[in-house]
Ligand code: ADP
Ligand code: ZN
């Protein structure tokens with residue numbers, strides 16, 4: 001605050017505005033208004049919600065409009081969250097209002113209803129449902145809310161169809177403001193009963209004790225510090241999180257724990273609820289907006305001691321926060337890939353720093369960046385090198401697909417080597433569970449005509465479409481576009497379309513043939529679409545009601561099921577061959593994580609990895625469970641090519657519906673950047689501009705995409721430099737510019 005009196009307020013509105021706006025505070029509102037509260041303000045001829053970030057005693061502005069109303073009784077964002085908001089805006093080069101919109105749950109920023117408006121133009125709509133929705137929206141001319149419309153189209157698929165219409169630009173979804181809406185949630189006192197005493201619980205291993213001790217010491221001393229808990233799979237990391245969180249609770253503070261995806265780890269939720277009965281708040285993407293709002297209010301009122309959630313829970317308004325935990329800190333789901341492209345693990349560290357409290361990151365396969373931070377002394381490394389109760393890590397072997405398929409023992413199937421096949425049958429015969437991993441869903445990767453060579457591609461994206469047997473259709477895995485197919489080639493009309501490549505659906509089919517009596521299930525995005533289906537599958541798996549579970553990377557994470565003694569990877573090279581400097585790191589993580597599901601009970605585990613490149617350093621280190629060896633090879637590769645963590649990347653993408661315009665704008669962008677580049681010699685030495693070039697997926701959802709990569713030394717000058725892109729290419733109707741700092745996905 002700059003003056004004693006609060007005459008004016010700086011207000012951030014959740015919209016793409018760069019700066020806060022100034023409003024006058026009418027005398028009637030002066031007493032009640034505090035920083036961090038929401039207010040209703042006029043903007044143009046609309047009324048919108050904003051959040052007060054500062055007070056001013058004067059303003060040079062001539063015409064200042066008045067705040068209309070206060071919407072909260074207490075601030076909904078505390079000082080540290082407002083600071084975080086500001087930090088994100090600077091670091092991720094995003095308008096401050098857009099960051100606020102990312103932080104606030106939608107029901108808090110709109111106090112209203114979402115309405116759907118038709119957009120001018122002719123649109124080719126793929127599905128029947130989309131066509132009907134579009135007709136209805138056009139008939140109603142903006143007078144229909146999503147809620148009303150959803151009721152008209154029961155039976156599933158409505159929201160996805162609407163989303164597709166919105167992403168192709170046929171409809172627009174807008175917020176309609178309604179009156180003040182304040183609901184109260186009572187403050188709940190802590191019950192006298194605490195969690196079970198230490199004596200009733202597991203006895204920690206010496207390594208666990210050491211790790212917990214380091215965190216406990218920091219908690220006691222106070223202040224910020226980041227720990228990286230690097231512990232092999234099944235070494236008892238979760239137990240350390242829980243104990244540290246108990247210490248925090250005893251000190252009358254609260255903890256926040258981030259996990260990659262809640263539906264994948266119902267076990268962790270059980271354990272939290274057991275340790276903190278009635279005091280756990282949960283935030284995740286499957287909540288409806290009113291459920292999310294309720295959780296938010298509970299957290300804000302201090303009704304819970306522990307908040308658990310996925311990526312966006314890093315913004316949870318936890319009062320008196322004393323510890324942030326990030327489980328599986330290497331997981332790429334912490335990276336937000338739309339809107340403000342933040343990384344939740346990195347933000348957890350920033351939030352800890354702003355608050356002055358410790359941050360505990362944990363993983364069996366730490367991100368290269370995080371481990372390097374330990375080497376540099378920025379994070380403290382805590383290690384758990386053994387599994388609990390002297391259980392051994394599984395035996396891992398690579399099967400060379402080249403010799404295997406040539407070999408005399410090749411059987412009727414091309415997906416399973418004889419080693420994997422025999423191991424599976426044997427494991428089933430012994431009554432044990434097996435996990436089969438392939439990171440691609442569907443039945444066949446694509447369809448190609450054997451006569452004319454035609455390949456079926458998506459009409460909206462520059463990718464091939466994947467064949468799904470059950471639906472007898474091809475699907476675009478990027479935009480969801482679907483069309484039914486037979487064996488008839490659409491180009492030459494012959495019955496010569498053949499299925500090339502394979503996915504989890506085909507693996508499942510082959511398993512039915514291989515072990516006909518086994519209970520086989522599949523877990524991928526196709527089998528987990530309905531609410532609760534994923535949790536149901538995991539629970540069945542936990543209870544041993546499934547013998548063989550086949551799936552995509554969904555099955556690699558988290559679960560601790562003791563009956564699993566065999567893990568097979570059908571084609572481990574898949575993720576290695578992506579055009580991405582993190583390809584080896586991701587492959588190492590996926591395979592180590594999926595291997596880590598084996599042998600968690602009394603029986604030892606076995607892992608079979610099928611690959612065409614068994615000598616690649618990634619597989620060699622997976623086989624020997626040697627993360628540090630992998631890190632040593634990988635970090636040299638990063639250093640040689642000056643990739644992160646040795647440099648920082650900023651990814652710029654230009655998108656639009658007209659190919660030529662997009663290309664021209666991308667070239668203009670690079671020219672503009674280079675011109676500025678030339679003027680400043682100091683920057684010239686530190687920054688490389690790569691591109692422009694068409695994105696690997698050149699067209700996505702009917703939009704063309706070009707990209708530019710800026711690479712340079714870490715520090716503010718790189719960010720300042722990249723930020724000029726917004727001036728060179730201001731928002732226009734034809735093209736849009738997306739900026740991604742520390743990008744993960746550059747397809
Ligand atoms: P991680 O998170 O490292 O994969 P978990 O924390 O899930 O490992 O621990 C794996 C299993 O071992 C869990 O069932 C947990 O209850 C158990 N466990 C953890 N610590 C101990 C211990 N000190 N003694 C015995 N069992 C333990
Ligand atoms: Zn598509």
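Name the single residue, out of those in region 468-483 being assigned to a loop (DSSP other than H, G, I, E, B) and within 15 Å of residue 125 (Cβ to Cβ), that is farthest from ligand 2 (Cβ to nearest atom). Here the answer is 480. Scan region 629-660 for residues that are part of a helix (DSSP H, G or I), closer than 20 Å to residue 364 by Cβ and within 26 Å of the chain's Cα centre (by Cα) and the total you get is 4. Checked against the criterion of being without any contact (Cβ under 8 Å) to a residue 40 or more places away in the chain, under 24 Å from residue 699 (Cβ atoms) and more than 23 Å from the chain's Cα centre (by Cα), the candidates 476, 458 yield just one match: 458.
Go through (1) loosely packed, with under 13 Cβ neighbours inside 10 Å; (2) touching a strand residue (DSSP E or B) at 6+ places or on another chain (Cβ under 7 Å) for residue 27 and report which single condition fails. Only one criterion in (1) loosely packed, with under 13 Cβ neighbours inside 10 Å; (2) touching a strand residue (DSSP E or B) at 6+ places or on another chain (Cβ under 7 Å) is unmet by residue 27, namely (2). Within region 449-467, the set of residues being more than 13 Å from ligand 2 (Cβ to nearest atom) and either part of a loop (DSSP other than H, G, I, E, B) or under 30 Å from residue 608 (Cβ atoms) (or both) comprises 450, 451, 452, 453, 454, 467. Going by the structure shown, is residue 374 modelled with pLDDT of 95 or more, assigned to a loop (DSSP other than H, G, I, E, B) and away from ligand 2 (no atom under 16 Å from the Cβ)? It is false that residue 374 is modelled with pLDDT of 95 or more, assigned to a loop (DSSP other than H, G, I, E, B) and away from ligand 2 (no atom under 16 Å from the Cβ). State whether one or more residues within region 371-386 are crowded, with 22+ Cβ neighbours inside 10 Å, assigned by TED's automatic domain parsing to the domain that holds residue 248 and under 20 Å from the mean Cα position of the chain (by Cα). Looking through region 371-386, none of the residues is crowded, with 22+ Cβ neighbours inside 10 Å, assigned by TED's automatic domain parsing to the domain that holds residue 248 and under 20 Å from the mean Cα position of the chain (by Cα). Summed over region 313-348, residues that are in contact with a strand residue (DSSP E or B) (Cβ under 7 Å, 6 or more places away or on another chain) and not in a loop (DSSP other than H, G, I, E, B) total 14. Out of 442, 431, one residue alone is at pLDDT 90 or above and within 15 Å of ligand 2 (Cβ to nearest atom). It is 442.
Among the residues of region 231-254, those that are within 16 Å of ligand 1 (Cβ to nearest atom) and closer than 13 Å to residue 325 by Cα comprise 237, 238, 239, 240, 241, 242, 243, 244, 245, 246. Per this entry, residue 506 is not counted among residues that are outside any loop (DSSP other than H, G, I, E, B) and farther than 19 Å from residue 573 by Cα. Whether a residue is surrounded by fewer than 23 Cβ atoms within 10 Å (Cβ to Cβ), outside any helix (DSSP H, G or I) and away from ligand 2 (no atom under 16 Å from the Cβ) was assessed, and residue 572 does not pass this test. Scanning region 281-291 for residues that are more than 16 Å from residue 246 (Cα to Cα) and crowded, with 19+ Cβ neighbours inside 10 Å yields a total of 3.
Filtered by the rule that a residue be in contact (Cβ under 8 Å) with a residue 60 or more places away in the chain and in contact with a strand residue (DSSP E or B) (Cβ under 7 Å, 6 or more places away or on another chain), region 665-696 gives 665, 669. Being out of contact with any helix residue (DSSP H, G or I) (no Cβ under 6 Å at 6 or more places or on another chain) and within 14 Å of ligand 1 (Cβ to nearest atom) is the filter here; which residues of region 214-230 pass it? Selection gives 230 alone. Among the numbered conditions (1) part of a loop (DSSP other than H, G, I, E, B); (2) crowded, with 21+ Cβ neighbours inside 10 Å, the only one that residue 518 does not meet is (2).
Among the residues here, residue 559 qualifies as within 16 Å of ligand 1 (Cβ to nearest atom) and not assigned by TED's automatic domain parsing to the domain that holds residue 159. Taking the conditions exactly as written (without any contact (Cβ under 8 Å) to a residue 12 or more places away in the chain and not in a helix (DSSP H, G or I)), does residue 730 satisfy them or not? Here the answer is yes, as residue 730 does meet what is asked. For residue 504, only one of the following conditions fails: (1) at pLDDT 90 or above; (2) within 16 Å of ligand 2 (Cβ to nearest atom). What is its number? Unmet condition: (2).
The values are calculated or read from the model by the stated rules, or taken from the named source; none is laboratory data. Every value quoted in this text rests on a predicted model; they were computed, and no experiment measured them. Cβ sites come from the backbone with ideal geometry, for glycine too, and all protein chains shown count toward neighbours.
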